[in-house]
Amino acid sequence: MAQKPGIPKGTRDFSPVEMAKRNYLFNTIKTSFQKFGFAQIETPSFENLSTLMGKYGEEGDRLIFKILNSGDYLKKADQTLLNDKNSTKLTSSISEKALRYDLTVPFARYVVQHNNDITFPFKRYQIQPVWRADRPQKGRFREFFQCDADVVGSKSLFQEVEFIQLYDEVFSNLGLNSVAIKINNRKILAGVADVANIADLLIDMTVALDKLDKIGEEKVKEEMREKGISDDAISVIQPLFELDGTNAEKLEKLGVMLAPSEVGTKGVEELNIVIKAVEELGLRNADLELDVTLARGLNYYTGAIFEVQARDVKMGSIGGGGRYDDLTGIFGLNDMSGVGISFGLDRIYLVLDELNLFPDSKNEGVQVMFVNFGDAEAMYCLKAVRTLRENGINAELYPDSAKMKKQMNYANKKGIPYVVLVGAEEMEANEVTVKNMLTGDQNKIALNDLKSFKI
RNA sequence: GUGGUUGUAGCUCAGUUGGUUAGAGUGCCUGAUUGUGGUUCAGGAGGUCGCCGGUUCGAGACCGGUCUUCCACCCCA
């Protein structure tokens with residue numbers, strides 16, 4: 001019995017129409033990456049499990065797709081762990097490879113491994129699929145593409161400024177004019193924890209704080225209390241809930257609040273430099289918003305944190321990034337600061353689709369189709385097809401001498417704008433009949449004139 | 001990983017308290033029209049009702065499991 005075909009949960013096939021749109025997206029982003037001086041690299045789709053584990057937190061470890069060892073993996077497994085049925089501990093015993101979870105950690109691995117061949121600061125971009133064993137939702141897949149641009153080997157805050165401009169450039173070029181680039185700094189969050197005397201609860205505090213616009217002030221405080229943050233500490237944090245005004249005004253208030261904290265003050269300084277520079281240089285469309293509740297992002301961020309949100313569309317973030325001072329440190333290369341951003345290609349696709357922002361892709365498909373009346377006519381047509389192709393026009397001959405209606409229907413469905421008809425009459429006169437499928441008009445053109453035929 | 005939701009023709013969806021042979025629109029194929037598509041008309045094909053099991057004289061409908069879809073958590077692009 002034939003088995004019903006299907007693909008795993010959270011994965012997708014891409015049709016020709018979808019690929020045309022996806023390629024448009026890829027190309028727009030690539031063009032901007034190159035314009036900003038980034039060079040492309042690729043890394044394997046799977047890495048050593050040890051390279052990935054422990055880099056994304058406990059939750060991340062769980063979401064990594066592990067690859068079973070080849071051969072009789074159970075025989076080689078640790079018998080004690082096997083008997084205990086402890087999946088977490090057993091994993092390293094039966095799996096030593098895993099699909100990549102993002103592009104940043106493989107990049108860090110790449111930098112350390114090719115350290116001697118790289119000229120720093122190293123600016124690379126990478127567009128490849130990543131995999132997460134997550135439960136799918138809208139705009140959330142188990143296989144999806146990330147488009148990353150990162151710089152390593154420079155601590156300059158001008159890099160942050162450039163990345164904000166890069167975001168603005170890409171989204172403007174895509175016609176997505178209503179985006180918010182949210183920015184925060186890990187040092188500010190550390191400073192807040194510092195002045196509230198809860199440095200050990202920094203992560204719990206930021207996770208709760210991050211939910212502010214979703215669940216509201218009271219519920220955030222509730223969660224903080226549950227995590228063991230005292231009411232005293234919460235009252236110190238209180239000003240964060242009331243932070244409003246322009247970016248500059250927010251920074252001023254933060255400066256006062258965090259004055260007792262060295263790291264907090266540094267965070268305010270850094271944000272000040274970046275925001276001022278961006279404001280002086282100006283952005284085409286995007287808005288830069290200081291958002292102190294922005295806490296997400298991976299465990300390895302140490303400075304700036306970015307997140308991009310599309311307004312007018314209900315969708316998770318369409319981009320994110322930040323600075324990580326010590327990412328290569330875990331692979332043995334210290335003092336190598338990096339900063340980077342990521343574009344969520346699949347989500348941007350959904351947003352553009354919803355807002356109808358994809359341009360018509362007329363010139364990608366076949367522009368001229370030749371109707372096939374038989375072998376003799378077909379040979380005559382193939383010569384004309386070659387002439388048109390040399391002329392830079394996408395042309396094809398219908399392969400079979402099927403019924404006229406079928407051939408015309410094919411051209412119509414594929415949205416081919418011109419159909420050429422060649423029968424005995426045209427062959428005799430060294431002509432072709434060109435029909436405009438939109439208007440229905442048709443006229444005869446000399447074979448020789450196809451060299452200069454214009455769509 | 002937790003809780004909920006969805007699945008009927010290629011697609012979008014009807015289908016009454018469980019009752020004979022499961023419908024519509026659209027798309028597809030054929031013809032009207034043997035060198036003219038998109039409009040019109042006539043005809044035709046297409047379904048293990050997601051899958052497995054159970055209850056029942058009888059299940060598309062009820063129950064359990066499983067897969068899938070979407071949603072809320074968690075987390076994230």
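Just so you know, all these numbers are worked out from the coordinates, no wet-lab data involved. Remember, predicted model here, so these are calculated numbers, not experimental data. All Cβ positions, glycine included, derive from the backbone under ideal geometry; neighbour counts span all protein chains shown.
Once both labels are positioned 7 Å from their Cα atoms along Cα-to-Cβ, the gap between A:E428 and A:K76 label points is 7.7 nm. Compute the Cα gyration tensor for the stretch A:48-99, then decide on rounded, prolate or oblate, letting a ≥ b ≥ c be the square roots of its eigenvalues: rounded whenever a/c is under 1.5, prolate when a/b is larger than b/c in the other cases, and oblate in all that remain. It is oblate, given that a/c is not under 1.5 and a/b is not larger than b/c.
Tell me whether the stretch A:138-259 comes out rounded, prolate or oblate; compute the Cα gyration tensor, take square roots of the eigenvalues as a ≥ b ≥ c, and use a/c under 1.5 as the rounded threshold.
On the way: a/c = 1.91, a/b = 1.56, b/c = 1.22.
Taking the square roots of the gyration eigenvalues as a ≥ b ≥ c, the stretch A:138-259 is prolate.
How high is the relative contact order of chain A? Use alpha-carbon pairs under 8 Å, at least six apart in sequence, and give a whole percent.
Reported as a whole number, the value is 15 percent.
Pairs to check: A:K21/A:K66; A:K9/A:K66; A:K9/A:K76. Give those whose C-alpha atoms are more than 26 Å from each other in this structure. Can you show the working numbers first?
On the way: A:K21/A:K66 31 Å; A:K9/A:K66 16 Å; A:K9/A:K76 30 Å.
Those over the limit are A:K21/A:K66; A:K9/A:K76.
Normalised by residue count, the stretch A:365-452 yields a Cα convex hull volume of 85 Å³ per residue. Based on Cα contacts under 8 Å between residues 6+ apart, the stretch A:365-452 shows a relative contact order of 32 percent.
Compute the angle between helix A:158-173 and the longest alpha-carbon principal axis of chain A, please, reported from 0 to 90 degrees and rounded to the nearest 10. Helix A:158-173 and the main axis of chain A meet at about 40 degrees.
For the cross-link pairs A:K35/A:K155; A:K182/A:K314; A:K35/A:K266; A:K138/A:K214; A:K155/A:K276, the ones whose C-alpha atoms lie over 24 Å apart are A:K35/A:K266. For the stretch A:96-150, the square roots a ≥ b ≥ c of the C-alpha gyration tensor eigenvalues yield an a/c of 1.5 or more together with a/b not exceeding b/c, which makes the shape oblate.
Using equal-weight Cα scatterers in the Debye expression, the normalised intensity of chain A in log10 at q = 0.09 Å⁻¹ is -0.75. The angle separating the long axis of helix A:217-226 from the principal Cα axis of greatest extent in chain A is about 60 degrees.
Rounded to the nearest 500, what is chain A's calculated 222 nm mean residue ellipticity when only DSSP H runs of at least 4 contribute -39500 (n - 2.57) each, over all residues? If you can, show how the numbers build up before the last one.
On the way: 19 runs with 188 residues, N = 455.
Computed mean residue ellipticity for chain A: -12000 deg cm²/dmol.
Determine which lysines satisfy two conditions relative to A:K454: a Cα distance under 21 Å, and not lying fewer than 8 residues away in the same chain. Those lysines meeting the cut-off are A:K362, A:K383, A:K414, A:K435, A:K444.
When the Cα positions of A:G332, A:Q367, A:L345 are compared along the charge dipole of the stretch A:299-387, A:Q367 comes out farthest toward the positive end, with charges on each C-beta of Lys, Arg, Asp and Glu.
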